[in-house]
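Derivation of every value follows stated rules applied to the coordinates shown; laboratory data play no part. Here the structure is a predicted model, which is why all the values come from computation and not from measurement. So basically every Cβ, Gly included, is an ideal-geometry build from the backbone, and we count neighbours across all protein chains shown.
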Amino acid sequence: MDEKKHISWEDYDLYCFIKIVVKYFWMVILSALICVMGMYLVQRIALTPKYTSSVTFSVTSRSGSSQIGSVAASSTVASQFGELLASDLVQQAAAERMNLPSFPASVTIKAPASTNILNMDVTASSPELAYKSALAIMECHSEYSKPVFASAVLDNINGPTIAANATGNAARSLLLNLSAPIGALIMILLLAAFVLQSDTIQTPPGAKHQVDGKLLATVYHEKKKRTLRSRLSRKKTSLLITDPLCSFYYTETIHQLRVMIERAHEKDKRQIFVVTSCSENEGKSTIASNIALSLAQKHHRVLLVDGDLRRPAQSLIFEQPVKHGEEFGTFMANGFTEDALLEAIYHSESSHLHILFADSVRRRKTEAFSAGSFRPIFDTLRKHFSYIIVDTPPLGLFADADVIAEAADATVLVVRQDLVPAIAVNDAIDSLNESHSEFLGFILNNVHSFRAAVLPSGSHGYGYGYGYGYGSGYGYGYRRNYGYGYGRSKGKQPTVSKATAKKEEPNNE
């Protein structure tokens, strides 16, 4: 298979990025906390707090005049005094006065131009040490300055001051405050890179670029619970086009799929259509049931077969009980007669759809099934139904779909947005192309579109979405739980009317 390399920004949707950020928001918070703690430790260990004591001097004449000669001369003398105060000689003398082996602080001198002012900043590891160091320099500098400056003297104007806060404390606080958003931003960028590298199918244009198959339809996200009462209820409901609350756009998309099935039937006389997916929770069972319902609205002889013998879902979607011994799995495992098979088919009076439900079969029995095991029962059903839609287990988890595809006429693959990598989808399509049946194409399902929400007039956006509800977990060695949680009211007895295709009127197709 030749991998398609044409990838562009239209292959990605901002919704998928937002979804991954919301899903892993705990990682964003954790990253922010780690950065805050890391910055705090760095400041505590590597950045020792410094405190500064300031002293302001003025250079005056020993005779008591306010300045020495000209302003320029005063500025020059002030600079020379500054060099003396910052010299090692004066600092060593100050250390001896403090009874320390070395001077414990650093001295910074600032002599403003064209003034006789001199500013001295003494920085140490504590406010007390900075104050004592500045005081020691003030007390001992005169014995070195008298021989050098015979006509000038330093007068203390202000200081030494006692530092209340560490030097650069505002900058450290700013770094500590910024570390949280910086850490969160780093994790968000990593998640964005993950989305870009995941190679999942996110948009209809991306589906055309990334998948080696025909895109039959794009099914947008549809909200199942549209009323307040349904939202407050914990009961899971199915998403069927027979529901009056189902949106027009979703229903029309299903009808478009029905037209494609009808064309394949009229062109090549194909009857059995397999609906499968690469992985679990992609919505194949709901898509299969709705295609069957759409066909049943036009044709009388339409059968939906629950071929998922691992974890059947159609009985839950239609809320109908499965009678032991009268379901697809039993006929496959123990054999069947034509009358018993037709008698077990449930017929819905309201939708005119025929359904052959299934119950789970032991793993060993399902693994023993081959295409030849399905052909007899399919051949029998062909005599009585024009359209047969078969729901199968996921193609990427079990070989059942491949086996059933060998006995069927055509296959359709359901691909959920941003779930399965494109390479896995292409592998599944290659597997279906190698089977006896014809691969019609794939359906991009449960599509959320940020572009449609922001730009309603743009393409691929109807302002609605497809609610995916009957996803199931397969627990056969895959460490996943299979739980539907469908609640049924006590005392409810669904009416099951059994009708065979022999008793029906001729189909006007």
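A few notes on this one:
- Once both labels are positioned 7 Å from their Cα atoms along Cα-to-Cβ, the gap between Glu343 and Asp155 label points is 12.4 nm.
- Greater than 19 Å apart at Cα, pairs in Lys214/Lys383; Lys284/Lys323; Lys223/Lys284; Lys269/Lys298; Lys19/Lys223: Lys214/Lys383; Lys284/Lys323
- Full extension of the chain segment joining Ser350 with Tyr40 gains 104.7 nm, where the gain is 0.36 nm per residue of separation less the Cα-Cα distance.
- Projected-area average for the range 51-158 over all orientations - Cα convex hull basis, square nanometres: 6.2
- Within the straight-line cut-off of under 16 Å between alpha carbons, the aspartates and glutamates reachable from Lys50 are Asp121, Glu128, sequence neighbours fewer than 8 places apart in one chain being disregarded.
- Label reach from Ile186 (point 7 Å along Cα→C-beta): in the range 39-63, amide nitrogens under 12 Å belong to 39-40.
- With the simple model of a label 7 Å out from the Cα in the direction of the Cβ, Lys223 to Leu175 spans 4.9 nm.
- Cross-link reach is defined here as a Cα-Cα straight distance under 20 Å, omitting same-chain residues fewer than 8 places apart; for Lys208 the aspartates and glutamates meeting it are Asp2, Glu3, Glu10, Asp11, Asp13, Asp199, Glu282, Asp418, Asp427, Asp430, Glu438.
- Of the GluC sites (Glu not before Pro) found in the range 282-391, those in coil by DSSP whose Cβ has at most 14 other Cβ atoms within 10 Å are Glu319, Glu349.
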